[in-house]
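Chemist: Here you go, one structure.
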């Protein structure tokens, strides 16, 4: 599955977010009443109850499963898989792995996407929490900007991870009907 962030880049993003947090966290106006909400429950609430945590993984899973399922009639008629991740040899244009193994890979890919999404939302919630503590008089605008950022990122990821698979599933279905493979 394309679009999953490599481990090295993931570490770089997390390092950048930690630097931002380190810069923002110690800053608090002394005359302001401190925010009494604790960081961990606030972050957990943002991650667990936020639909943007789950949307990219759910859409990627659904799209990839449709692509995989609509490819099966072609495999039944001896055609090869073009996606190297779903071949026995690991090379493109080769014999496909079993339907069950393909479903397992798709599920694992979706869990990785969910993990990345949760980490991204947690990092965003940490920054948001720090900004609310630093600028308590602007709590509403900080929260709204946070929502806008999470929605934009989830939308982008969902599109990037699912668009090609939905298109391929549609092409597969049309071609299977034309060739008489469809049930």
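Chemist: Out of the residues in region 57-82 that are outside any helix (DSSP H, G or I) and surrounded by fewer than 19 Cβ atoms within 10 Å (Cβ to Cβ), state the one that is nearest to the chain's Cα centre (by Cα).
Modeler: If we filter region 57-82 for residues that are outside any helix (DSSP H, G or I), which is where we start, we get 77-82.
Now drop any that are not surrounded by fewer than 19 Cβ atoms within 10 Å (Cβ to Cβ), which leaves 77-80, 82.
Working: 77: 34, 78: 33, 79: 31, 80: 28, 82: 24 Å.
Here the residue is 82.
Chemist: Just give me the residues in region 141-176 being over 21 Å from the mean Cα position of the chain (by Cα) and farther than 18 Å from residue 122 by Cα, in sequence order.
Modeler: Selection gives 141, 170, 171, 172, 173, 174, 175, 176.
Chemist: Can you tell me how many residues within region 87-108 are in a helix (DSSP H, G or I) and modelled with pLDDT under 95? I'd like the intermediate steps shown before the answer.
Modeler: The initial filter retains those residues of region 87-108 that are in a helix (DSSP H, G or I), namely 99-108.
Filter once more, keeping what is modelled with pLDDT under 95: none.
Selection size over region 87-108: 0.
Chemist: Of all the residues that make up region 83-123, how many are touching a helix residue (DSSP H, G or I) at 6+ places or on another chain (Cβ under 6 Å) and over 20 Å from residue 67 (Cβ atoms)?
Modeler: 5
Chemist: Still on this structure, I have one more. Keeping to region 143-158, report how many residues are surrounded by 15 or more Cβ atoms within 10 Å (Cβ to Cβ) and closer than 18 Å to residue 64 by Cβ.
Modeler: The qualifying residues number 3.
Chemist: Follow-up question, since we're still on this one. Does residue 125 satisfy the criteria of being crowded, with 20+ Cβ neighbours inside 10 Å and on the phi < 0 side of the Ramachandran plot? Walk me through it before giving the result.
Modeler: Details: crowded, with 20+ Cβ neighbours inside 10 Å: yes; on the phi < 0 side of the Ramachandran plot: yes.
Criteria met by residue 125.
The values are calculated or read from the model by the stated rules, or taken from the named source; none is laboratory data. Quantities reported herein were computed from a predicted structural model and do not represent experimental measurements. Counting neighbours? That spans all protein chains shown, and the Cβs are built from the backbone with ideal geometry, glycine included.
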